[in-house]
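Quick notes on the structure that follows.
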Amino acid sequence: MDRQMILELVGYLSSVIVLISFLMTSVVKLRVINSVGSLIFTVYALLIHSYPTAFLNACLIGVNIYNLIRLTRTDKHYSLIEEKSDDAYLSYFLDHYREDIAVYFPGADTAAADRAWMVCCDEVPVGVLLGRTREEGTLEILLDYSTQKYRDCSVGAYLYAQLKKCKIRRLVLPKASDRHAGYLKKMGFRKEAEGFVKMLE
């Protein structure tokens, strides 16, 4: 295989990786994969002496890194608002994200909620928790949803810390979809007979 063919394969590889990055639903995955593709593209461009292309892709790497730092920083300005379960804006939020919610919480019975909270970042709603009160101090989770941009666990970490102030000591999610179960494990939920359980201590 001659040098020219190897260079072309590197170019095609970088193009495919960049293309794949745009198929990601997670913004974090998109930027990580896009950065890998842009890095390979930068090397390819330098090898063929296409310096404007190399410059562009190097800049894209910088933009991706900057946004990844912003997405993963822990000092986001979150706030928690307790809502009524039939609040008009909460209903709008749930309807707006209905299709994405159904992926992680298929068949969620949101109408049964008697407690509801919205998490905001810089005054923009980014997550919602709907629950049903069980025995004192225990909340059965009906819906624990974050928008795609904020699925780095920081919303959940903030939310669970704040729930302790609401005199909730124990969270229970009777059943979780496969796509949501990984998040629960990261957040410290344990699989027990009654479902996924987390103690807020």
Worksheet item: Quick check: anything in region 53-69 without any contact (Cβ under 8 Å) to a residue 12 or more places away in the chain, within 19 Å of the chain's Cα centre (by Cα) and closer than 25 Å to ALA161 by Cα?
Response: yes
Worksheet entry | First in region 1-30 and of a type in the set (S, T, N, Q), second anywhere and open to solvent by 80 Å² or more (accessible area, probe 1.4 Å) and at pLDDT 85 or above, Cβ under 9 Å, 6 or more apart | SER14/LEU39
Discussion item. Looking at the structure I just gave you, is TYR145 aromatic (Phe, Trp, Tyr), part of a strand (DSSP E or B) and closer than 19 Å to GLU83 by Cα?
Written reply: yes
Response to the item:
Checked region 163-178 for anything crowded, with 18+ Cβ neighbours inside 10 Å and not in a loop (DSSP other than H, G, I, E, B); matches are LEU163, LEU171, VAL172, LEU173
Worksheet item: Do you know which residues across region 179-201 are under 17 Å from GLY131 (Cα atoms) and open to solvent by 50 Å² or more (accessible area, probe 1.4 Å)?
Response: GLU194, MET199
Worksheet item: Under the condition of being within 17 Å of GLU140 (Cβ to Cβ) and in a loop (DSSP other than H, G, I, E, B), which residue from region 107-123 is farthest from the chain's Cα centre (by Cα)?
Response: ASP114
Fill in: Restricting region 63-99 to residues that are assigned to a helix (DSSP H, G or I) and among the basic types (Lys, Arg), the residue that is modelled with the highest pLDDT
ARG98
Worksheet item: Across region 81-112, which residue is surrounded by the most Cβ atoms within 10 Å (Cβ to Cβ) among those that are of a type in the set (A, V, I, L, M) and in contact with a Phe, Trp or Tyr (Cβ under 7 Å, 6 or more places away or on another chain)?
Response: ILE101
Worksheet entry | Selection count where residues are loosely packed, with under 14 Cβ neighbours inside 10 Å and touching a strand residue (DSSP E or B) at 6+ places or on another chain (Cβ under 8 Å), scope region 35-80 | 2
Discussion item. Which pairs turn up if I take residues in region 115-128 that are open to solvent by less than 30 Å² (accessible area, probe 1.4 Å) and look for partners that are outside any strand (DSSP E or B) and basic (Lys, Arg) with beta carbon separation below 6 Å, at least 6 apart in sequence or on another chain?
Written reply: CYS121/LYS76
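The values are calculated or read from the model by the stated rules, or taken from the named source; none is laboratory data. Owing to the predicted nature of the structure, the values given are computational and were not obtained by experimental measurement. Glycine also receives a Cβ, built like all others from the backbone with ideal geometry; neighbour counts cover every protein chain displayed. Surface accessibility is based on the protein's heavy atoms, side chains included, excluding ligands, DNA and RNA. Shrake-Rupley method; radii C 1.70, N 1.55, O 1.52, S 1.80 Å.
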